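This report refers to the structure that appears directly beneath it.
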């Protein structure tokens, strides 16, 4: 099994795979006010469970729920970070190549690559 950068996996043919689409939807949801309200409610439930002194099973359930949400958030954050990092690097590479071509007085593929890299976030 070869591990590739998450942003590179969806580049064959310019379409994102299922995981990339799911990660993007999840990232959009987790950055919404609705998700923030759900997290506050989950923490509120944890506090209520402890204040009321409910059985240990309820305390474990509340704590495990927060742990699971935290783990999923970490995975989504890392995925988003890697995709953004890759997009920035592609843009910098395209800018450098276009500047070098312009300096040498010839135009070829670098300007097309630059235009493609500038619109990269529309595909990610």
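The values are calculated or read from the model by the stated rules, or taken from the named source; none is laboratory data. Since this is a predicted model, take the numbers as computed values, not measurements. Neighbour counts run over all protein chains shown; Cβ positions are idealised from the backbone, glycine included.
Here residue 84 passes the criteria (1) at pLDDT 90 or above; (2) under 30 Å from residue 17 (Cα atoms) except the one numbered (1). Residues that are surrounded by 13 or more Cβ atoms within 10 Å (Cβ to Cβ), assigned to a helix (DSSP H, G or I), out of contact with any helix residue (DSSP H, G or I) (no Cβ under 6 Å at 6 or more places or on another chain) and free of Cβ contacts under 8 Å to residues at least 12 places away in the same chain occur at least once in segment 33-41. Restricting attention to segment 11-31, the residues that are at pLDDT below 80, part of a helix (DSSP H, G or I) and over 15 Å from residue 82 (Cβ atoms) add up to 3. Looking across 75, 94, one residue alone is under 19 Å from residue 24 (Cα atoms) and either under 26 Å from the mean Cα position of the chain (by Cα) or in contact (Cβ under 8 Å) with a residue 60 or more places away in the chain (or both). It is 75. Considering only segment 88-111, I want to know if a residue exists there that is part of a helix (DSSP H, G or I), surrounded by 12 or more Cβ atoms within 10 Å (Cβ to Cβ) and at pLDDT below 70. Taking every residue of segment 88-111 in turn, at least one turns out to be part of a helix (DSSP H, G or I), surrounded by 12 or more Cβ atoms within 10 Å (Cβ to Cβ) and at pLDDT below 70.
Evaluated against (1) exposed (fewer than 11 other Cβ atoms within 10 Å of the Cβ); (2) at pLDDT below 90, residue 55 falls short on exactly one condition, (2).
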